[in-house]
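The values are calculated or read from the model by the stated rules, or taken from the named source; none is laboratory data. Predicted model, so just to flag it, every value in this text is computed and none were measured. Glycine gets a Cβ as well: all are built from the backbone with ideal geometry, and neighbour counts include every protein chain shown.
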Amino acid sequence: MQEKYLFEYAVIRVMPRVEREEFINVGIILFCAKKKFLNSVFFLNEKKIKAFCSEIGLDDLTANLNAFQRISLGAKGSGAIGEYDQASRFRWLTATRSTVVQCSKVHPGFCTDAQQTMMRLHHELVL
């Protein structure tokens, strides 16, 4: 039997008008400490987003989501936050904020494969 590992995830959301509290799910961020895994994935459905908020700048939104992904990976060019350990980066990225790109509350679960679980959640909650 494969060992199961505790993971935490949040849904990445686009909330063009924070005061209205309306959002579209665009991605998943998943952290599994035992597997030393922290990654995020996103997909922008341009038609859906433009129908939701015609004024939103898709290039800026894409740049923000790419920065979010670079920070989650700790990639070069991800700034000071990208140098934090995985747990700290996950907590920073999923912290409550009033911006266009934000995350849901963090949810726990158990998995055998963190990457596969992230993609399954992405398919179920975003696509």
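Restricting 33, 63 to residues that are over 19 Å from residue 106 (Cα atoms) and of a type in the set (Gly, Ala, Ser) narrows the list to 63. The set of residues in the stretch 92-119 that are exposed (fewer than 14 other Cβ atoms within 10 Å of the Cβ) and not hydrophobic (A, V, I, L, M, F, W, C) comprises 96, 97, 98, 99, 105, 107, 108, 112, 116. Selection of the stretch 76-107 for residues being over 21 Å from residue 126 (Cβ atoms) and of a type in the set (Phe, Trp, Tyr) yields 84, 92. Within the stretch 9-27, the only residue that satisfies the criterion of being touching a residue at least 40 places away in the same chain (Cβ under 8 Å) and charged (D, E, K, R) is 13. Within the stretch 75-82, is even one residue within 14 Å of residue 13 (Cα to Cα), loosely packed, with under 13 Cβ neighbours inside 10 Å and modelled with pLDDT under 95? Within the stretch 75-82, none of the residues are within 14 Å of residue 13 (Cα to Cα), loosely packed, with under 13 Cβ neighbours inside 10 Å and modelled with pLDDT under 95. For the condition closer than 22 Å to residue 124 by Cα, touching a residue at least 24 places away in the same chain (Cβ under 8 Å) and surrounded by 12 or more Cβ atoms within 10 Å (Cβ to Cβ), residue 56 does not qualify.
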